[in-house]
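A quick write-up on the structure given underneath.
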Amino acid sequence: MNALTEKHCKPCEGGTEPMDAAQIRDYQQQIHEDWEVGGDGTLIQREFKFRNYYHTTAFINAVAWIAHQQDHHPDISFGYNKATVVFTTHAIGGLSENDFICAARVDALLPDND
């Protein structure tokens, strides 16, 4: 657990500026190193690999539960033994603290994540 997993997402209905590059770097240091910044700094994404379809779908369901609890929803794509999770804050067209809170919570699902 880290400080981000103790936080909760705040409603974001626009009017807030997306994070700048320095803020993104600061927050990126608080999540697993496999999260990549993409979309010209407008999203973070990570691919997860699993043993089989059952483990993949269990992970997807756990991510969906986090998203529901935080009211901040990622784009998820998956196949037999892998899943890609992408966070962005659509309302502001970029990254917000909410994206990193959810990424940290997703990281916490996998104890041997280091």
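Note on residue 40 and residue 110: the extension gain reaches 22.4 nm, defined as 0.36 nm multiplied by sequence separation minus the Cα-Cα distance. What the phi angles of region 77-90 give under the Karplus curve with 6.51, -1.76 and 1.60, with θ = phi - 60°, is a coupling list of 10, 7, x, 3, 9, 8, 9, 10, 10, 10, 10, 7, 9, 4 Hz, glycine and proline written as x.
So, by mean Cβ neighbours within 10 angstrom, what's the order for 16-22, 56-62 with the highest one leading? Mind dumping the intermediate values first?
Values: 16-22: 13.1, 56-62: 15.3.
So the order, starting with the most tightly packed, is 56-62, 16-22.
Taken about its Cα centre, region 16-107 carries a charge dipole of roughly 520 debye when the Cβ of each Lys and Arg holds +1 and the Cβ of each Asp and Glu holds -1. When region 15-114 is described by a simple charge dipole with +1 on each Lys and Arg Cβ and -1 on each Asp and Glu Cβ, the residue from 37, 79, 108 located farthest towards its positive end is 79.
Take every pair of alpha-carbon atoms less than 8 Å apart whose residues are at least six positions apart; their mean separation over the length of the chain yields a relative contact order of 38 percent.
Taking trypsin sites (Lys or Arg not before Pro) as exposed when DSSP calls them loop and at most 16 other C-beta atoms lie within 10 angstrom, the chain has its longest site-free stretch at 52-114. Listed values for region 16-31 are Karplus-derived 3J(HN,Hα) couplings in whole Hz (6.51 cos²θ - 1.76 cosθ + 1.60, θ = phi - 60°), namely 9, 7, x, 4, 8, 4, 5, 5, 4, 4, 4, 6, 4, 5, 9, 10, and x replaces Gly and Pro.
Tell me the Kirkwood hydrodynamic radius of the chain in angstroms, computed as one over the mean inverse distance between distinct C-alpha pairs.
After inverting the pairwise mean of 1/r, the radius is 14.2 Å.
Approximating the spin labels as points 7 Å out from Cα along Cα→Cβ, the residue 82-to-residue 52 distance works out to 2.0 nm. For region 4-12, 3J(HN,Hα) computed residue by residue from phi via the Karplus equation (6.51, -1.76, 1.60; θ = phi - 60°) reads 5, 6, 8, 8, 10, 5, 9, x, 10 Hz, glycine and proline entered as x. Ordering 21, 8, 54 by the projection of their Cα atoms onto the charge dipole of the chain, which places +1 on the Cβ of Lys and Arg and -1 on the Cβ of Asp and Glu, puts 54 at the extreme positive end.
No lab work stands behind these numbers, since they all come straight from the coordinates. Just so it is clear, the structure is predicted and the values come from calculations on it, not from any experiment. Glycine gets a Cβ as well: all are built from the backbone with ideal geometry, and neighbour counts include every protein chain shown.
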